[in-house]
1. Any idea what diffusion coefficient the range 217-368 gets from Stokes-Einstein, in µm²/s, Kirkwood Rh on alpha carbon pairs, 37 °C, 0.692 mPa s?
2. Determine the alpha carbon to alpha carbon distance for each of 26/327; 110/403; 189/327; 168/403; 110/169 and list only those over 22 Å.
3. Report the full-extension gain for the segment residue 318 to residue 358: residue separation times 0.36 nm, less the Cα-Cα distance, to one decimal in nm.
4. If you fit an axis through the alpha-carbon atoms of helix 21-30 and take the longest principal axis of the Cα set of the chain, what angle between them do you get, 0 to 90°, nearest 10?
5. What trypsin sites (Lys or Arg not before Pro) does the range 1-107 have in DSSP loop regions with at most 15 other beta carbons within 10 Å?
6. With the crude spin-label approximation of a point 7 Å out along Cα→Cβ, what separation in nm comes out for residue 53 versus residue 387?
7. In the range 264-281, whose amide N lies under 18 Å from the spot 7 Å out along Cα-to-Cβ of residue 289? List them in ranges.
8. Name the trypsin sites (Lys or Arg not before Pro) in the range 283-367 that are in a loop by DSSP and that have at most 13 other C-beta atoms within 10 Å, would you?
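The values are calculated or read from the model by the stated rules, or taken from the named source; none is laboratory data. Treat the numbers as computed from the prediction; the structure is a model and nothing was measured. Cβ atoms come from the backbone with ideal geometry, glycine included; neighbour counts cover every protein chain shown. Side chains included, ligands, DNA and RNA excluded: accessible areas come from the protein's heavy atoms. Shrake-Rupley method; radii C 1.70, N 1.55, O 1.52, S 1.80 Å.
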Amino acid sequence: MVKRVLMIAFHFPPMRGSSGILRTLKFSRYLPEFDWEPIILTAHPRTYASTSNDQVAAISDRVAVYRAFGFDTSRHLSFMRRYPGLLALPDRWVSWSLGAIPMGLYLIRKYRPDVIWSTYPIATAHLIGLTLSRLTRLPWVADFRDPMTDVDYPPDRLTRQMYQWIEKKSVTCCTKAVLTTPGAVDDYKERFPQTPASRFHLIENGYDEESFAAAEASRITEQKKNARLVLIHSGIIYPSERDPTQFFEALAALAQQGLISHTSLHVILRATAHDEYLLQLIDQYKIGDIVSLAPPISYREALSEMLAADGLLILQASNCNNQIPAKLYEYLRARRPILALTDPVGNTAAALISVGVDTMAPLDSRNDIMRELLRFLALIKGNEAPIASMENALAGSRRSRTKELSNLLDSVAQRA
């Protein structure tokens with residue numbers, strides 16, 4: 001018998017600029033294979049700062065998509081780049097709840113879903129899920145992905161208090177709380193000791209095998225014209241959580257020593273979302289002939305670029321030790337050498353070590369990065385860099401993760 005799930009997600013095509021889009025998109029695409037019919041409740045495209053039709057075609061014909069009223073406070077209510085902070089709590093898209101809650105009630109009456117599912121990192125999504133669950137008494141799965149709060153996150157005190165309230169209410173009222181890393185699960189169990197440990201569930205991020213197969217089929221292998229190695233970072237570089245300052249210092253120091261140059265290494269930072277900040281750092285360290293910024297490209301093109309790169313770069317600070325960048329699973333599937341600048345005791349490092357990849361150094365240590373980068377480049381040149389096996393890579397497919405979600409939804413629906 002087919003069951004239904006109402007999926008509340010801000011990140012959904014045609015939005016562009018977040019790998020989080022793929023989590024909901026691929027869950028909704030593959031859930032029908034496991035006898036679950038998804039109904040998507042997302043935001044009107046006007047709320048997105050950037051849009052693209054790149055992923056629209058990937059929305060399954062079997063999925064009903066509803067887009068509720070909403071706007072972005074920072075863009076639609078700002079004057080001279082200033083806007084009322086109270087109209088952006090818990091986030092700039094809180095107006096989405098004004099359209100999504102009544103639309104959600106309509107969808108619940110129309111489709112009679114068995115479960116409500118909402119996904120962070122837009123806190124308003126959990127606010128909508130919480131409200132709909134309380135009003136209808138339907139079981140609710142809160143997909144946190146990563147922890148919502150930390151000691152100093154969000155940095156604004158009032159926003160942090162609002163997040164903490166939503167986080168606590170969500171953990172208390174949801175049927176299941178889903179996180180994407182073992183460290184995040186342990187963190188929530190420790191922070192909410194009164195909540196049954198069985199409420200917390202792990203479903204990691206992943207990659208899409210169909211997209212990789214298409215990228216591999218269309219890829220044209222080019223003959224390298226020179227010995228210059230290309231190192232790619234694909235995706236957002238957050239100034240705090242993925243600050244590349246020490247990496248840039250390491251590149252500058254190695255260049256000054258003559259150990260690397262623009263003829264031997266090209267670092268491409270693709271779709272960083274913080275180009276202005278990074279350009280200042282690149283100019284400061286005078287590494288513009290080695291490091292270049294590149295604009296966003298289609299998802300398939302991004303995968304093709306990963307497949308063709310000599311090496312792939314991960315940046316993850318120690319303040320994110322309980323997180324794993326979603327792109328890591330794509331990197332593993334690309335089966336190219338990976339240089340991870342991350343805390344050796346964090347979840348990202350553990351995930352890499354578990355598949356035999358040990359090319360890593362702390363993101364905040366220039367000297368360690370210098371040593372490891374030279375070793376990494378030498379391993380690539382010698383064709384000896386560690387690469388995850390195909391078996392390990394396949395374990396992280398989106399279809400496999402969706403099967404895990406369907407099993408969880410089954411258990412929730414049976415209890416209802």
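1. Value of D from the Cα-based Kirkwood radius: 207 µm²/s.
2. Beyond 22 Å: 110/403; 189/327; 168/403; 110/169.
3. 12.7 nm
4. 60 degrees
5. 62, 81
6. Distance between the two pseudo-spin positions: 3.6 nm.
7. The answer is 264-268, whose backbone nitrogens lie closer than 18 Å to the label point.
8. 286
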